[in-house]
1. Going through the range 56-82 one residue at a time, which ones are farther than 15 Å from T194 by Cβ and not in a helix (DSSP H, G or I)?
2. Does S139 qualify as being among the hydroxyl-bearing types (S, T, Y) and either out of contact with any Phe, Trp or Tyr (no Cβ under 9 Å at 6 or more places or on another chain) or at pLDDT below 90 (or both)?
3. Return a yes/no flag: does the range 31-50 have any residue that is without any contact (Cβ under 8 Å) to a residue 60 or more places away in the chain and not in a helix (DSSP H, G or I).
4. Taking I106 as the residue in question, decide whether it is out of contact with any Pro (no Cβ under 7 Å at 6 or more places or on another chain), outside any helix (DSSP H, G or I) and surrounded by 15 or more Cβ atoms within 10 Å (Cβ to Cβ).
5. Based on what the data block shows, is V113 of a type in the set (A, V, I, L, M, F, W, C), in a helix (DSSP H, G or I) and closer than 22 Å to H49 by Cα?
6. Can you tell me which residue among L99, L138, L132, L85 is assigned to a loop (DSSP other than H, G, I, E, B), of a type outside the set (F, W, Y) and under 28 Å from P55 (Cβ atoms)?
7. Could you please let me know if V121 is in a helix (DSSP H, G or I), surrounded by fewer than 21 Cβ atoms within 10 Å (Cβ to Cβ) and not acidic (D, E)?
Amino acid sequence: MILEKHELFRYLLPELKRLIARAATTWTTRFSHAVHSYHSSQLQLLSSHIHDVIPDLETYLPLRSDLSGLHLLLDLVELTENFNLPPIDEVPYQKLTRLKRLTIDIICCSLDVVAFNNDQVQGNHHNLITVLMTHKNLSLQGAVNLAGSMIKEMFDSFVEIEKALLGLPRSSQTIKSRDISSCVRTLKDYIVGTINWAYETELYFGKKGEEIRTFGWVFLNSATDSQE
């Protein structure tokens, strides 16, 4: 099993196997796919580093999504919270799936922006800003502006789909409707919690996180600046 080789998940396997034993077949299939996608994305990342390849935007976004491991975590949240979600062939489920993808994209793209300086220092070119600068021929500021616009569009799409989902006719199964609302709230909490964490941890902004959150954005350094 792939997770047995993972530094974190191998310690969680006993509990994870217990949870999976009571999971629906559809969940198990989806989780298995997420595990293999996570593993494949790591191999693809390694290959890109070896050959010094910076992927284009269309390749990078799904790769970054898989690399984040958030598909795994959100699946596990669904299982541990015992959400009773609609069948996969129904519109509510499809909209929930879209919200999950948007949640992951919002988190990944937002973290790429705040991690850009660190990634430059470490020589990591798998960052949204670097991808936009390379393949869209943009300056650093231009790439940051475009990334910001992309993230805003993702937020707008999330709000639009959320309204459509929660505005659908209520199922006769009240508990299922309640679980859908709880699932959406969980996704929103995940976004807010991650963005707040980005300011509160010293990983990205040192001890200036609260100041930056209060008064504005942080200056990012281009690759040339980082080498000086």
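1. D56, E81, N82
2. Numbers: among the hydroxyl-bearing types (S, T, Y): yes; either out of contact with any Phe, Trp or Tyr (no Cβ under 9 Å at 6 or more places or on another chain) or at pLDDT below 90 (or both): yes.
When the stated conditions are applied, S139 passes them.
3. No: zero hits.
4. Details: out of contact with any Pro (no Cβ under 7 Å at 6 or more places or on another chain): yes; outside any helix (DSSP H, G or I): no; surrounded by 15 or more Cβ atoms within 10 Å (Cβ to Cβ): yes.
Here the answer is no, as I106 does not meet what is asked.
5. Details: of a type in the set (A, V, I, L, M, F, W, C): yes; in a helix (DSSP H, G or I): yes; closer than 22 Å to H49 by Cα: yes.
So V113 fits the description; yes.
6. Working: L99 fails: assigned to a loop (DSSP other than H, G, I, E, B); L132 fails: assigned to a loop (DSSP other than H, G, I, E, B); L85 fails: under 28 Å from P55 (Cβ atoms).
Going through L99, L138, L132, L85 in turn, just one is assigned to a loop (DSSP other than H, G, I, E, B), of a type outside the set (F, W, Y) and under 28 Å from P55 (Cβ atoms): L138.
7. Working: in a helix (DSSP H, G or I): yes; surrounded by fewer than 21 Cβ atoms within 10 Å (Cβ to Cβ): yes; not acidic (D, E): yes.
Considered against the rule, which asks whether it is in a helix (DSSP H, G or I), surrounded by fewer than 21 Cβ atoms within 10 Å (Cβ to Cβ) and not acidic (D, E), V121 comes out as yes.
The values are calculated or read from the model by the stated rules, or taken from the named source; none is laboratory data. Please read these numbers as outputs of a predicted model, since none were measured by experiment. Every residue, glycine as well, gets a Cβ built from its backbone with ideal geometry; the counts of neighbours run over all protein chains shown.
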